[in-house]
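Visitor: Handing you this structure, nothing more for now.
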Amino acid sequence: MSYYNHLFVKFFQRYWVLLILVAVKMILQFVIVNPVYELHRDEFLHLDQANHLAFGFISLPPLTSLISKIIFLFGGDVFWIRFFPALFGSFTIVFAWRIAEESGGSLTSKIVVSSGLIFSALARLNILFQPNSFDIMIWTAIFWILIKYFKTPENKWLYLLSVVAAVGFYNKYNVVFLFAGLFIGLIATPGRKIFKNIAFWKAVALALLLILPNLIWQIKNGFPVVEHMKVLKADQLVNNTASGFLLSQLLFFFGSLPVIICALAALIFYKSFKPYRFIGIAFIVTISLFVILKAKDYYAIGLYPVLIALGAVFIEKILKEKLKLIVSGFLIVANLGIFFMTAKVMFPLLSPEEILKNGETFEKYGLLRWEDGKNHTLPQDFSDMLGWREMAEKALLTYKMIPQDEVDKTLIMCDNYGQVGALNYYNRGKMPEAYSFSTDYIYWLPHLNNIQNILLVGEKPEDEIVKLFSEWKLAGIVENEFAREKGTGIYLFRGAVPAFTVLFYKEADERKKNHDIF
């Protein structure tokens, strides 16, 4: 047997259960989505960014755009769009497994933590191609690296931490809240000795060097992340409450709640976990920051895999063999039971018509409450996954109405990024790119010397704008009654007066100047 074959056999013998669980996770992510649902509005924007690669975007850091590029290299099908968040969710399980392993856990505790993550609310996030799945994976990896370092204090772990931290920053900026929590946690515990290691500061310098291109991009563009946060706070976070945030934390991993409580207790009282007490303090500090800032509840999910891993190991260590198996078995069954009992309301398994029939159940769990603070027919995420293909098809039919000699003088515009992204995804190769005054799209606008026609997806403009065209028509409307975009119009405006082009680009410049793009 060759050396590499020998390594493979040893790896398989050691991790064959983990490989099975990862396979279960990957399959599960595909079967919990009813085919009636399309992509989410945010996914369309992230996919579109692959066509405009840069060191930064108005809406989020640039890593997601690189993953989008890979998705399109594979063909851009829905399978690959679903594949990557499922993959990141699987790696979250791998890192949590390794945390349990480094903490002295046996196969039993590893299966407990894996089941607690697979059959949880994490599965819902891992459906969508958004930065969140990668974010949770990165947070879990950071905890694993720190545990490795304090167990075997080799400088290589610090340098690995710096690279992982930089990658996390390029994925989602809220990783800085984790590091704020970790800083306080380390300062307040014997873990503070890490700051005396010159290699730590070299690793910090390396991380800063790695994220420098994005920082330069932010500076050049006037720190759009700050404006984005202001708008987010005014439009979405304003309806969040501390009680709602904390209640959600209890529900995300409800089946593993006893394990999480045990982990927090163990980080205080269990001698073997003394080197890891900074994790408990980091958890409290980070959660507190999110509560103060009225953050979205799922921002904190990355804190839990490490706690579930440590809690599972603690339970295993303090119980006798027979009782350990009984308790661990109960925890696994509890996670499975809760998952399958709530699956029809937690995941897009039911069709919109079926949800309508069971509206009371969804309302009872608060799942019909949207960011506007009001209840609607479907959960917001589900409604955001409907009507896009219909919109794109009707936009394409409208585009075909434009005479061929006018095509190069036509702009396709939309009111929001979801509409633009949907048109550019479904109609790629069939019609020119669509644009918007919304988010990143305003910076990608082509400059036409003479705009003669506008194909508009959204609301009809005010009369003073309509009068600048010789003719217009409502060519289509989104009719899906369950779509958030229901009633969105597809308009064709033709024969713009010469002054329209100047007014159009003046409006774009004013919006960019005033950050009126969110």
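The values are calculated or read from the model by the stated rules, or taken from the named source; none is laboratory data. Please read these numbers as outputs of a predicted model, since none were measured by experiment. Cβ placement follows ideal geometry from the backbone for every residue including glycine, while neighbour counts extend to all protein chains displayed. Just the protein is used for accessible areas: all its heavy atoms, side chains included, with ligands, DNA and RNA removed. Shrake-Rupley method; radii C 1.70, N 1.55, O 1.52, S 1.80 Å.
Visitor: Give the lysines whose C-alpha is closer than 19 Å to that of LYS271, dropping any in the same chain fewer than 8 places away, or say none.
Guide: Hits, sequence-local ones excluded: LYS148, LYS151, LYS193, LYS317, LYS320.
Visitor: Oh, and also: For the chain, what's the relative contact order in percent, using C-alpha pairs closer than 8 Å and at least 6 residues apart?
Guide: Computed value for the chain: 17 percent relative contact order.
Visitor: Please turn the phi angles of the range 354-363 into ³J(HN,Hα) values with the Karplus equation 6.51 cos²θ - 1.76 cosθ + 1.60 (θ = phi - 60°), one per residue in order, whole Hz, x for glycine and proline.
Guide: 5, 5, 4, 5, 10, x, 4, 5, 5, 5
Visitor: If you don't mind, there's one more thing I want to ask. For the range 355-472, just say rounded, prolate or oblate: build the C-alpha gyration tensor, square-root its eigenvalues into a ≥ b ≥ c, call rounded for a/c under 1.5, and beyond that prolate if a/b exceeds b/c, oblate if not.
Guide: Note, shape of the range 355-472 comes out prolate.
Visitor: To continue, here is another question. In terms of modelled amide H atoms, which long-range or inter-chain residues lie less than 5 Å from the amide H of TYR365?
Guide: Counting only residues 5 or more places away or on other chains, the set is empty.
Visitor: Here is a follow-up. Per-residue HN-Hα couplings for the range 188-196, Karplus 6.51 cos²θ - 1.76 cosθ + 1.60 at θ = phi - 60°, whole Hz, x for Gly and Pro?
Guide: 8, 9, x, x, 4, 4, 4, 6, 8
Visitor: I want to check the label-to-label distance for LYS230 and PHE340. Put each point 7 Å from Cα in the C-beta direction and report it in nm to one decimal.
Guide: Spacing of the two 7 Å Cα→Cβ label points: 5.2 nm.
Visitor: Provide the per-residue ³J(HN,Hα) series for the range 400-412, in order, calculated from phi with Karplus coefficients 6.51, -1.76, 1.60 and θ = phi - 60°, each as a whole number of Hz, with x at glycine and proline positions.
Guide: Those phi angles translate into 5, 7, 7, x, 4, 6, 10, 4, 6, 10, 10, 10, 9 Hz.
Visitor: Which entry in [x] 167; [y] 137; [z] 259 is this structure's computed volume of the Cα convex hull per residue in Å³?
Guide: Only one option fits the structure, namely [x].
Visitor: Using the Kyte-Doolittle scale, which helices in the chain average at least 0.5 and also have C-alpha atoms spread 27 Å or more along the helix axis, with helices defined as whole DSSP H runs?
Guide: The qualifying helices are 3-31, 78-102, 131-151, 198-220, 321-346.
Visitor: Still on this structure: Skipping prolines and chain starts, which residues have an amide H placed within reach, meaning under 5 Å, of the one on GLY476, given they are 5 or more residues away or on another chain?
Guide: Counting only residues 5 or more places away or on other chains, the set is ILE490.
Visitor: Another question, then. Please give the contour-minus-distance gain from LYS473 to LEU250: 0.36 nm per residue of separation, less the Cα-Cα distance, rounded to one decimal in nm.
Guide: 75.1 nm
Visitor: Oh, and also: Once R0 is set to 60 Å, what does the formula 1/(1 + (r/R0)^6) return for the Cβ-Cβ distance between LEU19 and ASN375, expressed as a FRET efficiency to the nearest 0.05?
Guide: Efficiency at R0 = 60 Å is approximately 0.90.
Visitor: In deg cm²/dmol, rounded to 500, what helix-only [θ] at 222 nm does the chain give when every DSSP H run of at least 4 residues adds -39500 (n - 2.57) and the total is split over its residues?
Guide: -19500 deg cm²/dmol, from helical runs alone.
Visitor: Give me the distance in nm between label points sitting 7 Å out from Cα along the Cα-to-Cβ direction at ILE70 and GLU360, one decimal.
Guide: For the pair ILE70/GLU360, the computed spacing is 4.7 nm.
Visitor: Give a quick list of trypsin sites (Lys or Arg not before Pro) in the range 303-365 that DSSP marks as loop, anything other than H, G, I, E or B, with at most 11 other Cβ atoms within 10 Å.
Guide: Sparse-neighbourhood loop trypsin sites (Lys or Arg not before Pro): LYS320.
Visitor: OK, next. Non-local amide H neighbours of CYS414 (under 5 Å, H modeled in plane, Pro and chain starts lacking H): which ones?
Guide: TYR435, SER436, PHE437, VAL457
Visitor: Ok, one more. Report in % the part of the accessible area of the chain that belongs to carbon and sulfur, leaving out ligands and nucleic acids; probe 1.4 Å.
Guide: Its accessible area is 64 percent carbon and sulfur atoms.
Visitor: Right, something else. Antiparallel as a % of all DSSP beta bridges within the range 340-461, to the nearest 5?
Guide: Of those bridges, close to 10 percent are antiparallel.
Visitor: Keeping all protein chains in place and using 1.4 angstrom, which order do CYS262, CYS414 fall into by accessible surface area, from largest down?
Guide: Final ranking, largest accessible area leading: CYS262, CYS414.
Visitor: How long is the gain from ILE326 to PHE30 if the chain were fully straight, where each residue apart is worth 0.36 nm and the alpha carbon distance is subtracted?
Guide: 103.4 nm
Visitor: Averaged per residue, what accessible area in Å² does the chain show with a 1.4 Å probe, protein chains only?
Guide: 46
Visitor: Okay, next question. Can you bin the range 98-142 into rounded, prolate or oblate? Criterion: square roots of the alpha carbon gyration tensor eigenvalues sorted a ≥ b ≥ c, rounded for a/c under 1.5, prolate for a/b above b/c, oblate for the rest.
Guide: Cα axes put the range 98-142 in the oblate bin.
Visitor: Under a straight-distance cross-link criterion of Cα-Cα below 21 Å, which lysines are reachable from LYS294, leaving out those fewer than 8 residues away in the same chain?
Guide: Once the sequence-local lysines are set aside, what remains near LYS294 is LYS172, LYS230, LYS233, LYS374.
Visitor: What FRET efficiency, computed as 1/(1 + (r/R0)^6) with R0 = 45 Å and r the Cβ-Cβ distance, is obtained for LYS409 and LEU209, rounded to the nearest 0.05?
Guide: 0.45
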